[in-house]
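Please treat every number below as a calculation from the coordinates, not as lab data. Since the structure is predicted, the reported quantities are computational estimates derived from the model, not experimental observations. No Cβ is skipped: glycine too gets one built from the backbone with ideal geometry, and neighbour counts run over all protein chains shown.
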Amino acid sequence: MEFKNVFTMKQPDLGKKILELRKQKGFTQEELVEKCNINVRTIQRIEAGDVTPRSFTIKTILEALGMDAGTFFEDSIHEENKIYLSDKDHRILNTSWITGVFYLILTIIGAILEIYFLSSERYSYTELFYRIPYSILFLLSMWVFLRGYKTLGELYNNSFLINSVYIYFVIGVLMSLINILLVIFNEGEWSTDIFSGVILVILFGISELFLGVGIYKLKANSGNFAQIVGILKIVNGAMLITVILSPISIFLAIPILILEVIFLYTASAKENY
């Protein structure tokens, strides 16, 4: 069986692992040399992490230690890819999905109130009385919810997901400001309402699209659930951007958000993964 260099662990991790295995077997460096017929100086330098040995040398050492090379590398790769959640990570993820429930409720309330204001005569002060405190609560809950994704992005070195979180939040702030400004300066012009509505839908679609791609990139780490949630958000964002299909996507936004809360809950429930 041939072991290519691509399977070689990086130093100094390789040397530390060989040293650990040798001590587990109760071998001295001299006893290991006798079993694998490799220069003692070479063994010393490998264990110290000073040199990266060839695959054949590693295979010979591992066999002398009674270790299957294939199993050794598979276990090592798994260990390197394992993510350890700190207490802080657990706290953030737990707070994220719990706040996600509140964020979901606020989203539903906001949708109902938007329909109410669109169907009734507009009174600027009435709308402002609702929009300003609502926007503050909505944005705060959004950020706490998104921090869960930011934490997962940091754990898995997923810079796209981290950037997507910032993009999503900035667009959320921008949409809230646009809604407030429209109430203050719009004098009931339907053309303005339609134009601003299209802009808001497209902005929301862009944020959904970016975050969807970021979540989808977690598929290698978090499995099929991340892939499903990511694809749904990507499709939802694409439909919003078309504007024509936006009524369907807005209807789907709530079920997708429920799935996101469940996804972050499952992430918070794992000890290490």
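A few points about this structure:
- Within-13-Å neighbourhood charge of L19 [Cβ basis; K, R +1; D, E -1]: +2
- Taking a point 7 Å from the Cα of T126 along the Cα-to-Cβ direction, the residues of the range 88-113 with backbone N closer than 16 Å to it are 112-113.
- Packing, taken as the mean count of other beta carbons within 10 Å per residue, orders the peptides 165-171, 96-102, 212-218 from highest to lowest as 212-218, 96-102, 165-171.
- Packing-based exposure ordering (other Cβ within 10 Å, fewest first) of V261, V144: V144, V261
- Exposure proxy ranking, count of Cβ atoms within 10 Å, fewest first, for L174, L106, L232, L264: L174, L106, L232, L264
- Using a simple spin-label model with pseudo-atoms 7 Å out from Cα toward Cβ, F160 and I228 lie 2.1 nm apart.
- When the listed pairs K17/K217; K23/K59; K59/K270; K17/K150; K23/K219 are checked against a 28 Å cut-off, the alpha-carbon distance exceeds it for K17/K217; K59/K270; K17/K150; K23/K219.
- Across the range 197-210, computed HN-Hα scalar couplings (Karplus, 6.51 cos²θ - 1.76 cosθ + 1.60, θ = phi - 60°) run x, 5, 4, 5, 5, 5, 4, 4, x, 5, 5, 5, 5, 4 Hz from first to last residue, x flagging Gly and Pro.
- The phi-based Karplus calculation (6.51 cos²θ - 1.76 cosθ + 1.60; θ = phi - 60°) puts the 3J(HN,Hα) values of the range 237-254 at x, 5, 5, 5, 5, 5, 6, 4, 8, 4, x, 5, 5, 5, 5, 7, 4, 5 Hz, whole numbers, x for Gly and Pro.
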